[in-house]
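Notes follow once the structure below has been shown.
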Amino acid sequence: GGMEYARRFSILDSTSVVVYSPSGGSDTLRGPVESLVCMSTSYVGFLDAIGAAGVVKGLSGVKFSAVEGLEAREVGYDAALDYEAVLSLRPDYVLTYAVGDVEPAYMWKLREIGVHPVVLSEHLESHPLARAEYVKLFGALTGRLREADSLFSAVRDRYLSLVRPAPFCKVLINIPYADAWYIPGGGSYMTRLIADAGGTVPGAVPGKETSSIISIEKAFSYAQEADFWLNPGWCRSLSQLYGVHPLFKDFGIAEVWNNTLQATPGGGNAFWESGPVRPDLVLEDLVRIFSRTADDTLNYYLRVGGDEDYH
């Protein structure tokens, strides 16, 4: 059947799903699977949420996963994919993603060696609940659709109960990445979360799902009207943040928060692994930050403060 929010897959029956690729094709997957190779840790997050992370036998970026006791083998990535490792794991499917409409070059090679790669478009779904609904896809693949359905229903109800009806604050987001400052579009995942928590993002183009690039001068002007600054890259202290660009000190934003509370020493971040399946927890953080009722018990966010907090 059709999904409530997700547009890029549908459930055929309790152990089968149809996945729609960005290029317009479709692929039917049948479970229950015994072995999966995953090219994104977010897939592990979905499986872990329904107690099925054990089917992940291979993973691209094992060190980035925060899932306890994961026994997946590292399979490399993109051009450096370890085909022998993938083949030895005998995966039912290799789950991957595509940037744009072009499928990754390694997919034809996987098919050539008798492996079935599948492009999931979870990261292209703009509504947080559409991403969360992918737990049903993983539920069907692992024979746990009932658990997935009940988890999604609880997440959806909790998310909707937290939504703020009208915006009351302004939010600057991100820092420059390789000299380009990306502002997510008004129709994107992060902007939707911020909007549902009562915030607006200056510079976010209404309805646009992709990001726009702004200059540091433009960011400075947006900062003058912003109440909060979210997701400043890798920075966990103000001195780190001010070290990125001398102008940041003059932005004058009193509260800076980053989604790195659950970052791992290996460079992973649970925000990207368990966050997609639990947008209610992300929204809860943002609601508490924007309403200034945040204490030390947030799920994913931490206050970027002075260095005295980091001894």
Check your understanding: Could you give the alpha-carbon Rg of region 98-145 over 2.2 N^0.38 Å, rounded to two decimals?
Key -> 1.39
Review point. Around TRP108, what is the net charge, scoring Lys/Arg as +1 and Asp/Glu as -1 over all other residues with Cβ under 15 Å from its Cβ?
Key: -2
Practice item. Give me the Kirkwood hydrodynamic radius of the chain, using the inverse of the mean 1/r over all pairs of distinct Cα atoms, in Å to one decimal. Key: 20.5
**Study point:** Chain lengthening between ASP78 and VAL244 when straightened (0.36 nm per residue, less Cα-Cα)
**Key:** 56.8 nm
Review point. Just how many % of Cα pairs in region 233-280 lie over 15 Å apart, if you round to the nearest whole percent?
Key: 54
Review point. Counting Lys and Arg as +1 and Asp and Glu as -1, what is the net charge of the other residues whose Cβ lies under 14 Å from the Cβ of SER14?
Key: +1
Revision key, fill the gap. So for R0 = 22 Å, FRET eff. of THR28-VAL163 from the Cβ-Cβ r, to 0.05, ends up at 0.05
Check your understanding: Along the principal axes of its C-alpha atoms, what lengths does region 1-106 span, in descending order and rounded to whole Å?
Key -> 34, 32, 23
**Study point:** Bins of 5 Å, starting at 0 and running to the largest distance - Cα pair percent for region 112-194
**Key:** 3, 11, 15, 17, 16, 13, 11, 9, 4, 1, 1
Point to revise | Quotient of Cα Rg and 2.2 N^0.38 Å for region 165-311, N being how many residues it contains | key: 0.98
Review point. What Kirkwood hydrodynamic radius do you get for region 90-239 when you take the inverse of the mean 1/r over all pairs of distinct Cα atoms, in Å?
Key: 18.1
Study note, to complete from the structure: Violations at 26 Å Cα threshold for listed pairs LYS218/LYS249; LYS63/LYS249; LYS170/LYS249; LYS63/LYS170; LYS57/LYS136 -> LYS63/LYS249; LYS63/LYS170
Exercise for review: Keeping all protein chains in place, calculate the accessible area per residue for region 191-298 (probe 1.4 angstrom), answer in Å².
Suggested key: 43
Revision key, fill the gap. Scoring only Lys, Arg, Asp and Glu (+1, +1, -1, -1) among other residues with Cβ under 10 Å from the Cβ of ALA130 yields 0
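The values are calculated or read from the model by the stated rules, or taken from the named source; none is laboratory data. The model shown is predicted, which means the values in this text are computed figures rather than measured ones. Every residue, glycine as well, gets a Cβ built from its backbone with ideal geometry; the counts of neighbours run over all protein chains shown. For accessibility, only protein heavy atoms count, side chains too; no ligands or nucleic acids. Shrake-Rupley method; radii C 1.70, N 1.55, O 1.52, S 1.80 Å.
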